[in-house]
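The values are calculated or read from the model by the stated rules, or taken from the named source; none is laboratory data. These numbers come from a predicted model, not from an experiment. All Cβ positions, even for glycine, are placed from backbone atoms using ideal geometry, and neighbour counts span all protein chains on display. With ligands, DNA and RNA removed, areas are computed over all heavy atoms of the protein, side chains included. Shrake-Rupley method; radii C 1.70, N 1.55, O 1.52, S 1.80 Å.
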Amino acid sequence: MSFELETAPADAGTLRRVAIDPVSRVEGHGKVTILLDEHNKVHQVRLHIVEFRGFERFIQGRPYWEVPVMVQRLCGICPVSHHLAASKALDLIVGATRVTPTADKMRRLMHYGQILQSHALHFFHLSSPDLLFGFDSEVGRRNIVGVAEKYPEIAKKGILLRKYGQEVIRLTAGKRVHGTGAVPGGVNRSLSADERKDLLKDAYQMIAWSREAVHIIKELHQQNPALYDHFGSFRSNFMGMVAPDGSLDLYHGVLRAKDADGSILFDQVDYQTYDRLITEEVKPWSYMKFPYFTAMGPEHGWYKVGPLARVQNCDSIPTPFAEHERLEFVAYAGGKPLHATLAYHWARMVEMLFAAETIKELLQDDDLSGTELMTSGERRREGVGVIEAPRGTLFHHYQVGDDDLVTMANLIVSTTHNNQAMNTAVREVARQYLDGKEITEGLLNHIEVAIRAYDPCLSCATHALGKMPLEVTLVDAEGTELDRKYKA
Amino acid sequence: MNDSFMLDGEEIPFTPGQTVMQAAAAAGKYIPHLCWHPDFAAHGSCKLCTVKIGGRFATSCTVRAAAGQEVENRTDELDARRRTLLQLLFVEGNHFCPSCEKSGDCALQATAYEMGMLTPHFDHFYPDRPVDASHPEVLLEFNRCILCELCVRASREVDGKNVFALAGRGTKSHLIVNSESGRLADTDFAATDRAAEVCPVGVILKKRVGFAVPIGARTYDLQPISAAGGDGTTGRAGDTSAPRKTEAG
């Protein structure tokens, strides 16, 4: 299945695709290629994510209890997501169909700590420079250091929000990055009363700052609706996990999808059956697969995941401030789903507020200090674990042999779900801003802004500096390379 | 009759027949080691316990203590040589501490920390050593073997089973299992054997308990190996593989 602008028409003849070898086979690298005709009209735009993920292969033959610790090494930004999705899948292998309340709440706390730190990092460190200074503002200042100079309070709050999330992770997982807190069947520790008290002390400040963050992005939307509502906007389906009652739950629940008009496509789906729901299409020009809802086919069945999908997919948010903000978001959208690429930021900040409020509520729960950490039951050979990671729905699927070694693993990560959506966003931006023009750094950044809104995993490796290694090549009708910009 | 020798300027008493290592361990002094264990005959193969006695190198686990000896142990020169030995051990096997369940309980890792080893320095061998998961209770992860032969000795001398042996020569040396198929499941090995708990690294592992001990509560999270292993019996990774009660639980 090919989409408009995905592949230049065969009769264009003189157009030529310039293949740029992958910069590196690690996450954190991407490239965009654009083909133009003699009038500089855009004929083809592709976002290539050069993501190499050998994990499915090299955890085969490893003992299952090693998996949650090993697979989280996929990423240094949201390792908790992989740690927990793997643990949930392996709970089923050890027969722990329901973990203890202490284990459930410790894992939830770890996860919402992760949501808080990841969303704060993305909004303040990576995206706020674009949003506060403008997409084509002076490049030397368009970074977190520039934000810290011009808006020191905003930068400081962003850094401290992230720090708090990291602290929640450290106390639940043992380390800020790549801990070992969750194990198949439960967790390996709980929190002492003092640890809860220490965290709770700052929780209210985090809620207050998260509310301010929602207001920052909401005001930006309201001040410039022409840009925020239309930049890279396109219609698509949404998918995400919700609690069985339809409220937002990022740790556990059932799958729900809506179409572009907001009508339910499916609901209350047990994620153990995900392989009947989703097919992954392989395209020759990308290392990353293109998933779609099997029943709808590749042309109509692709979808968005992540904050924009989740906030509009759920019926409510179970914490008061975040629910208030969700209602405002829904009201702004006017009763129909908002498909604006930049609305991802708004939805992400609503979720950050939800995470901050949830952390506070969990810390007040004595189950966090419980002593029943692990459980087990009848051994199984197969399990699927799903979690709503900061970037979207994350699937982990394992089969384990009688000798305890993993025989099969399949992961569908959030960025993969968004592959078609990100490509479409980049094409929309190219159509809106590039047609017939010469490449400038500002234009290049427009494309980055669209990709960045999805908070894709490809930016993981260089997250801290807010720069994606990105290559844009402009080729004329003769196949001559007109211009090339590379940022690393 | 008690006598004494000097270890890094400190007087260490010994009884006749004791090795320098035994006397030092009894006095609570740490001499780095991997293949030595107080319950087994000295092996003298890892060379980490090499000290200088009267200016000459000697493996402290095999040399007898003698009155008036001047023994150098934790000098910069000796620790630098130990660091090199550790680097060789790390590159000869496949040691991926980040996903190893023995991390924090591993004598090799803890000794490397103690010696200030920051890089592997040498090119990795990346040997191909498939795991043996055939036994229902115990996993053999050969990638981490340092050829200390503690399991060989324990199985032979304590368990009376001869389950393990070293085969091959030089860089091809490797741990094997004494059964026709070469699989652990086809031996009379049991999870309760002494050999099951003596491995200082992550080769012989009780199944399904990995990572049950949280970060912060593992052997060498609590104290460095120089303190934990000072008396030669406590804090050895082999003694800690059983799941322990956590701080909170």
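Can you tell me the orientation of helix A:320-333 relative to chain A, as the angle in degrees between its alpha-carbon axis and the longest Cα principal axis, to the nearest 10?
Once rounded, the angle reads 30 degrees.
Probe radius 1.4 Å, ligands and nucleic acids left out: which of B:105, A:198 has the largest accessible area, and how do the rest follow?
Of B:105, A:198, the descending order of accessible area is A:198, B:105.
Taking the Cα centre as origin and putting +1 on Lys and Arg beta-carbons and -1 on Asp and Glu beta-carbons, what dipole magnitude results for region B:96-239, to the nearest 20 debye?
I would put it at about 140 debye.
With just the Cα atoms defining each centre, how far is region A:217-278 from region A:162-207? Give it in Å.
Rounded to whole Å, the Cα centres lie 28 Å apart.
So who's got an amide H within less than 5 Å of the one on residue A:377, skipping anything under 5 residues away but keeping other chains? H placed 1.01 Å off N, in plane.
Here the answer is A:95, A:96, since their amide H atoms fall under 5 Å of that of residue A:377.
In region B:199-222, what residues drop by 10 Å² or more of accessible area when the other protein chains are put back, versus the chain on its own? Use 1.4 Å, and skip ligands and nucleic acids.
When all protein chains are present, B:207, B:208, B:210, B:211, B:212, B:214, B:215 each give up 10 Å² or more of accessible surface.
Set the Förster distance to 45 Å, then compute FRET efficiency between residue A:408 and residue B:64 from the Cβ-Cβ distance, nearest 0.05.
In this case the efficiency is close to 0.20.
Which of B:107, B:73, B:63 sits farthest toward the positive end of the charge dipole of region B:52-113, with +1 on the Cβ of Lys and Arg and -1 on the Cβ of Asp and Glu?
Ranked along the dipole, the leading option is B:63.
Label residue A:481 and residue B:183 with points 7 Å out from Cα along Cα→Cβ: what is the distance between them in nm?
About 5.5 nm separates the two model spin labels.
Give me the orientation-averaged projected area of the Cα convex hull of region A:390-455, in nm², one decimal.
6.0
With every protein chain left in place, what is the accessible area per residue of the protein assembly as shown in square angstrom, probe 1.4 Å?
That works out to 39 Å² per residue.
Rounded if a/c is under 1.5, else prolate if a/b beats b/c, else oblate: with a ≥ b ≥ c from the C-alpha gyration tensor eigenvalues square-rooted, which is region B:129-214?
rounded
Could you give the dipole magnitude of region B:1-74 about its Cα centre, charging the beta-carbon of Lys and Arg +1 and that of Asp and Glu -1, in debye to the nearest 20?
With only Lys, Arg, Asp and Glu charged at Cβ, the dipole is about 260 debye.
Name the residues whose placed amide hydrogens come within less than 5 Å of the amide hydrogen of residue A:48, ignoring near sequence neighbours (fewer than 5 apart) on the same chain.
Here A:31, A:32, A:33 satisfy the definition.
Of all the accessible heavy-atom surface of region A:298-414, with the other protein chains kept in place and a 1.4 Å probe, what percent is carbon and sulfur?
Ligands and nucleic acids excluded, carbon and sulfur give 48 percent.
Of B:86, B:143, A:171, which is farthest towards the positive pole of the protein assembly as shown's charge dipole, taken about the Cα centre with +1 and -1 on the beta-carbons of Lys, Arg and Asp, Glu respectively?
B:86
Please list 3J(HN,Hα) in residue order for region A:337-351, calculated via the Karplus relation 6.51 cos²θ - 1.76 cosθ + 1.60 where θ = phi - 60°; whole Hz, with x for glycine and proline.
For region A:337-351, the Karplus curve yields x, 8, 9, 5, 4, 6, 5, 3, 5, 4, 4, 5, 6, 4, 5 Hz.
Once the dipole of the protein assembly as shown is set up with Lys and Arg at +1 and Asp and Glu at -1 on Cβ about the Cα centre, which of B:226, B:178, A:3 lies farthest towards its positive end?
B:226
At 7 Å along Cα-to-Cβ for each site, give me the label-to-label distance between residue A:227 and residue A:331 in nm.
2.5
What shape does region A:298-388 take by its C-alpha gyration tensor, where a ≥ b ≥ c are the square roots of the eigenvalues and a/c under 1.5 counts as rounded, a/b above b/c as prolate, and the rest as oblate?
Oblate shape, in that a/c is at least 1.5 and b/c is the bigger or equal ratio.
Give me the percent of accessible area attributable to carbon and sulfur for region A:214-272, probe 1.4 angstrom.
Exposed carbon and sulfur together represent 50 percent of the surface.
Taking θ as phi - 60°, what are the ³J(HN,Hα) couplings along region A:222-232 by the Karplus curve (6.51, -1.76, 1.60), each to the nearest whole Hz, with x for Gly and Pro?
6, 6, 9, x, 4, 7, 5, 7, 10, 4, x
Between residue B:209 and residue A:361, how many nm apart are label points set 7 Å from Cα along the C-beta direction?
Each label point lies 7 Å from its Cα, and together they span 3.8 nm.
With N residues in region B:3-74, what two-decimal value do you get for its Cα radius of gyration over 2.2 N^0.38 Å?
Normalised Rg, Cα atoms only: 0.96.
For an R0 of 30 angstrom, estimate the FRET efficiency from the Cβ-Cβ distance between residue A:276 and residue A:10 and round to the nearest 0.05.
Efficiency at R0 = 30 Å is approximately 0.25.
What whole-number distance in Å separates the alpha-carbon centres of region B:88-111 and region A:341-365?
39
If the label point is 7 Å along Cα→Cβ of residue A:299, which residues in region A:220-238 have backbone nitrogen under 20 Å from it?
A:234-238
Taking only Cα atoms, what is the 0 to 90° angle, nearest 10, from helix B:76-92's long axis to the longest principal axis of chain B?
Helix B:76-92 sits roughly 10 degrees off the main axis of chain B.
Expressed in whole Å with the largest first, what are the equivalent ellipsoid semi-axes of the protein assembly as shown derived from the C-alpha gyration tensor as the square root of 5 times each eigenvalue?
Sorted largest first and rounded, they come to 53, 28, 26 Å.
Under the rule a/c < 1.5 gives rounded, and otherwise a/b versus b/c splits prolate from oblate, where does region A:219-354 land using the Cα gyration tensor?
Oblate shape, in that a/c is at least 1.5 and b/c is the bigger or equal ratio.
222 nm [θ] for chain A, helices only, -39500 (n - 2.57) per DSSP H run of 4+, per residue, to 500?
Helix contribution divided over all residues of chain A: -12000 deg cm²/dmol.
What order do you get for A:363-370, B:189-196, A:122-129 when each peptide is scored by the mean count of other beta carbon atoms within 10 Å, highest first?
Per-residue Cβ counts within 10 Å, averaged per peptide and sorted highest first, yield A:122-129, B:189-196, A:363-370.
Collect residues whose amide H, placed 1.01 Å from N in the peptide plane, falls under 5 Å from the amide H of residue B:19; neighbours closer than 5 in sequence don't count.
So residue B:19 has HN proximity to B:65.
Could you give each residue of region A:135-141 its phi-based ³J(HN,Hα) in whole Hz, using Karplus coefficients 6.51, -1.76, 1.60 with θ = phi - 60°, and x for Gly or Pro?
With the stated coefficients, region A:135-141 comes to 5, 10, 6, 4, 5, x, 9 Hz.
How much accessible area is lost when chains B and A come together, counting both sides, with a 1.4 Å probe, in Å² rounded to the nearest 100?
Between B and A, the summed buried area is about 1800 Å².
For the pairs A:218/A:289; A:157/A:336; A:88/B:102; B:102/B:172, flag any whose C-alpha to C-alpha distance is greater than 27 Å.
Going by Cα-Cα distance, A:218/A:289; A:157/A:336 fall outside the 27 Å limit.
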